[in-house]
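Colleague: Quick one: the structure is below, and I'll ask about it shortly.
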Amino acid sequence: MNIRTIIAATCAARAYSMAGSTYAHDSEAQTVTKNFEAAIPNIPGKSLIAVEVDYAPGVASAPHTHAKSAFIYAYVISGAIESKVNDGEMRIYRAGESWSETPGAIHSISRNASKTEPAKLLAVFVLDTNDNPLTTPVK
């Protein structure tokens, strides 16, 4: 399965569909790197995909949704991430904190909370094996 990238804020109207393990988004210096991918052997038709999202200082993703079947666990590895999912409140998650996104959720805010320090997020997707793209911008 191909990884589909998280969208940089300056690319709100575009979805990227690159194959491979690392993606760079224009000059904004946001990267998405595949960390792990495997079929879940005891849940036929389901897979687990983990990606690391590196945010340069001040970088944000455009509002987006994920694959329709995807349940997502997000964990802040370093720095701080500002996030808002569906009608929930906007929150800042710091290194060691996590949240989840249900299938069909709209992620309206996802950005580095710092203008001066980088941040890194691990996103773990559990989804139907052939459900893609992983990320689609909200139009």
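Colleague: If Ser61 passes every condition in (1) over 11 Å from the mean Cα position of the chain (by Cα); (2) touching a residue at least 24 places away in the same chain (Cβ under 8 Å); (3) open to solvent by less than 30 Å² (accessible area, probe 1.4 Å); (4) more than 24 Å from Ala39 (Cα to Cα) but one, which one does it miss?
Modeller: (1)
Colleague: Which residues, counting only those in segment 69-115, are part of a loop (DSSP other than H, G, I, E, B), open to solvent by less than 30 Å² (accessible area, probe 1.4 Å) and hydrophobic (A, V, I, L, M, F, W, C)?
Modeller: Ala70, Ala105
Colleague: Which residues, taken from segment 104-139, are under 17 Å from Ala56 (Cβ atoms) and polar (S, T, N, Q)?
Modeller: Ser110, Asn112, Ser114, Thr116
Colleague: Quick check: is even one residue across segment 31-38 at pLDDT below 95, in contact with a Ser or Thr (Cβ under 7 Å, 6 or more places away or on another chain), open to solvent by 70 Å² or more (accessible area, probe 1.4 Å) and in a strand (DSSP E or B)?
Modeller: no
The values are calculated or read from the model by the stated rules, or taken from the named source; none is laboratory data. Note that this is a predicted model, so its numbers are computed, not measured. Positions of Cβ are generated from backbone atoms using ideal geometry, with glycine treated the same way; all protein chains shown enter the neighbour counts. For accessibility, only protein heavy atoms count, side chains too; no ligands or nucleic acids. Shrake-Rupley method; radii C 1.70, N 1.55, O 1.52, S 1.80 Å.
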